[in-house]
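What follows is a short report on a single structure.
The values are calculated or read from the model by the stated rules, or taken from the named source; none is laboratory data. Computed from a predicted structure; not experimentally measured. In this analysis, Cβ positions are derived from the backbone assuming ideal geometry, glycine residues included, and neighbour counts consider all displayed protein chains.
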Protein chains: 2
Amino acid sequence: MSLSRRSKVDPFIVMDVMEAAARAEAEGRHIIHMEVGQPGTPAPAGARAALTKAMADDALGYTVALGLPALRQKIASLYGERYGVDLSPDRVIVTAGSSGAFLLSFTALFDAGERVALGAPGYPSYRQILGALSLQAVDIPTRLEDRFQPVPETLPDDIQGLIVASPANPTGTMLDKPALSSLIRAASERGAAFVSDEIYHGLEYGRRAVSALQITDDVHVINSFSKYYSMTGWRVGWMVVPESHVRTVERLAQNMFICAPHASQVAALAAMECKDELDANVQVYRRNRDLMLEGLKEAGFDRIAPPDGAFYIYADVSALTDDSHRFAADILEKAGVAVTPGLDFDKGRGAGTLRFSYARSTADIEEGLDRLRKFMISRGFVE
Amino acid sequence: MSLSRRSKVDPFIVMDVMEAAARAEAEGRHIIHMEVGQPGTPAPAGARAALTKAMADDALGYTVALGLPALRQKIASLYGERYGVDLSPDRVIVTAGSSGAFLLSFTALFDAGERVALGAPGYPSYRQILGALSLQAVDIPTRLEDRFQPVPETLPDDIQGLIVASPANPTGTMLDKPALSSLIRAASERGAAFVSDEIYHGLEYGRRAVSALQITDDVHVINSFSKYYSMTGWRVGWMVVPESHVRTVERLAQNMFICAPHASQVAALAAMECKDELDANVQVYRRNRDLMLEGLKEAGFDRIAPPDGAFYIYADVSALTDDSHRFAADILEKAGVAVTPGLDFDKGRGAGTLRFSYARSTADIEEGLDRLRKFMISRGFVE
């Protein structure tokens, strides 16, 4: 049996870093993890308690494909509270993480061979999922001056879709309402579907993130319990689609997933009531971000766009190296700090960039920054 | 935004039955559920206890894409115990249910436009997942005399894949080792990949089910914790692939799923130690099956292939109706028993078939059979 052409997805370069970090730890070294894109905190206590109770009371069989009605209702009401958008729960579909939502969205919107544009740098799995579905990813180069977000002028004409993330991974930068509106308009002018990745909403450090639903109903909005709700491993997220798409996405979900994990849905519903614990997590990220902005600069990483949200900082290190993969390996070996080479996010210019995550504890951030500064001094990059 | 062509999947007709049953129950009627393909029992007590403990001790973040190493090891050892097959855990990939495994397998094996054969009747989602991935499902008609399983002579030449299930849904029939071997050989002669759906293994009432891994390593074997382990809603399953496919499927899984739900993996690992509870469930199914074989015959449903496994019986009712959808609706309305019209499993001859599930309690089965017999008497089909 031979493998298909579309199964040839690119490797994650960060996996090399993670494996090297694991080997170093196995040898007894202490490594600071700035490569990992997930909170160190567990799901909120209330979420875990709710699941323990449900496991005693309920068989937790399949849910309907669209998700637990109470969870869909609660998610819909979030759009009223956060964005002032009146959203019908009928348009909310609970998914197996944002990964499941992307699979459903891309299948619902695009046929084999179609072209879908995305900003570079960007979340690498967009491109790989598109490829697995026999779709063609079209890179839109972005600029530091535009805070690494696409602008309408750079959008190709012959595309069937556009994916935009705000806050973005790997940069943490956001689009304000005019910028997001102009991209939605530019996609519409090209007859392209618009997919808005909003999985880092709730993790914001200044102004609030804008949802595409504040601008139009004619989009697919994708969100997740992984980041703000600190539930990465639970694989539960959601999408909001136009009323006219619900029945189609429902049928796809029935067949491709049956349902999102029932236990995770129960936990997610309860997590939405745990505002205090979640806000405390955000305060840690906020403090970490401030430390990072100051500490990275002191360490000589000064070509960055300050992040509005998420828990990443993307640094242009092209003045220091033309091989970010090797540079990250050096930082790991010499400084004991794991960071992600930019090549995972941008095949082109990523050879000159690094992503630093600040999702872990503040003590780790302080120690990591200290190590990075010493490393950069030892290399003669700072005094 | 318009929907893609490949998103136009067929509706599940059983959903109409389930909705009508739910309406009847809302009106105060008591309905016996023989339509649902899932156990009424929860995950084993040991599985739930293990998760409660893990939620206290562990953040339950992402696992590696291939799954928890201990779970892969335990699954590999199952092949030694059950089938006498020495299997490396490296070849085991934990997935988001068998649904996740099918998505990964079909993506890894087939490119857009390729043709994949499957027996009719069969599990409807195969066809829909293939369509969603821009693949073409090719029906192989089967015969009651062959116990509704495909035979090599009926296999088309120009196919790139073949999916076989044993025990099968909707029939519960199994392939013995010679029959399975001949299908694997027939696929190989056509250059077609072979996918073996083994999700009902462990639910057998006479001889043991044969795994394709007893015959060759050059297959994709798909299994699940949903049925034997009574964990439908947990969305955790696994696949076994040739050594040379592991790295590719791993990369696809990293991008398409990140990982199977961590909590479900923890529960699944513990479920594998709960043999007594699981065997007790099988004894209930065995008793239900015996009651069904006798009771359906008494009720005039006598054109059936006795099931070797799973918890379904498929009946040819073409002498009684040429509209199984309407017939099922009548049975629900008049007898208060929900059953699945065969059209979901076989677009052609399914107009003359029904599927009965016996996964629920024995008391329900007895009551359901009594109602079915009275209904058939009232219709003059039996005396």
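Does the range B:21-39 hold any residues that are surrounded by 15 or more Cβ atoms within 10 Å (Cβ to Cβ) and more than 10 Å from chain A (Cβ to nearest Cβ), and which are they?
B:21, B:24, B:31, B:32, B:33, B:34, B:35
Name the residue, out of A:230, A:264, A:196, that is touching a Ser or Thr at 6+ places or on another chain (Cβ under 6 Å) and surrounded by 22 or more Cβ atoms within 10 Å (Cβ to Cβ). Step through it out loud before you land on a result.
Working: A:264 fails: touching a Ser or Thr at 6+ places or on another chain (Cβ under 6 Å); A:196 fails: touching a Ser or Thr at 6+ places or on another chain (Cβ under 6 Å).
None of the other options fit; the residue is A:230.
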Practice prompt. For residue B:65, work out the one condition from (1) modelled with pLDDT of 95 or more; (2) more than 21 Å from the chain's Cα centre (by Cα); (3) surrounded by 21 or more Cβ atoms within 10 Å (Cβ to Cβ) it doesn't fulfil.
Written response: (1)
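Rundown of residues vs (1) away from every other protein chain (no Cβ under 14 Å); (2) touching a Cys at 6+ places or on another chain (Cβ under 8 Å); (3) within 18 Å of residue B:41 (Cα to Cα), yes/no style:
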{"residue": "B:255", "(1), (2), (3)": "no, no, no"}
{"residue": "B:263", "(1), (2), (3)": "no, no, no"}
{"residue": "B:275", "(1), (2), (3)": "yes, no, yes"}
{"residue": "B:301", "(1), (2), (3)": "yes, no, no"}
{"residue": "B:313", "(1), (2), (3)": "yes, no, no"}
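Count, please, the residues in the range A:45-54 that happen to be free of Cβ contacts under 8 Å to residues at least 40 places away in the same chain and either within 8 Å of chain B (Cβ to nearest Cβ) or crowded, with 20+ Cβ neighbours inside 10 Å (or both). Before the answer, list the steps.
So the first thing to find is which residues in the range A:45-54 are free of Cβ contacts under 8 Å to residues at least 40 places away in the same chain, and the list is A:52-53.
Now drop any that are not either within 8 Å of chain B (Cβ to nearest Cβ) or crowded, with 20+ Cβ neighbours inside 10 Å (or both), which leaves A:52.
Count: 1.
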Practice prompt. Considering only the range B:1-108, give the helices (runs of 4 or more DSSP H) lying wholly within it that have at least 3 residues that are closer than 18 Å to residue B:233 by Cα and outside the structural domain of residue B:204 (by TED's automatic domain parsing).
Written response: B:45-57
Discussion item. If I filter the range B:208-227 down to residues being among the β-branched types (Val, Ile, Thr) and surrounded by 22 or more Cβ atoms within 10 Å (Cβ to Cβ), which single residue comes out as nearest to the other protein chains (Cβ to nearest Cβ)?
Written reply: B:219
Practice prompt. Select, from B:69, B:42, the only residue that is within 10 Å of chain A (Cβ to nearest Cβ) and touching a residue at least 12 places away in the same chain (Cβ under 8 Å).
Written response: B:42
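Tally time: how many residues in the range A:109-130 are assigned to a helix (DSSP H, G or I), of a type in the set (A, V, I, L, M) and in contact with a strand residue (DSSP E or B) (Cβ under 7 Å, 6 or more places away or on another chain)?
Just the residues of the range A:109-130 that are assigned to a helix (DSSP H, G or I), to begin with: A:109, A:124-130.
Next, only the ones that are of a type in the set (A, V, I, L, M) stay: A:109, A:129-130.
Cutting the leftovers down to in contact with a strand residue (DSSP E or B) (Cβ under 7 Å, 6 or more places away or on another chain) gives us A:109, A:130.
Within the range A:109-130, residues that are assigned to a helix (DSSP H, G or I), of a type in the set (A, V, I, L, M) and in contact with a strand residue (DSSP E or B) (Cβ under 7 Å, 6 or more places away or on another chain) number 2.
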Item to complete: Starting from residues that are away from chain B (no Cβ under 14 Å), within 19 Å of the chain's Cα centre (by Cα) and not hydrophobic (A, V, I, L, M, F, W, C), keep the ones in the range A:173-196 and report whichever is nearest to residue A:208 (Cα to Cα).
Response: A:176
Worksheet item: (1) at the interface with another protein chain (Cβ under 8 Å from one of its Cβ atoms); (2) closer than 15 Å to residue B:262 by Cα; (3) not polar (S, T, N, Q): which one isn't true of residue B:57, the others all being true?
Response: (1)
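Working carefully through the options A:134, A:125, find the one that is within 12 Å of chain B (Cβ to nearest Cβ), of a type in the set (S, T, N, Q) and in contact with a helix residue (DSSP H, G or I) (Cβ under 8 Å, 6 or more places away or on another chain).
On the way: A:134 fails: in contact with a helix residue (DSSP H, G or I) (Cβ under 8 Å, 6 or more places away or on another chain).
Only one candidate qualifies: A:125.
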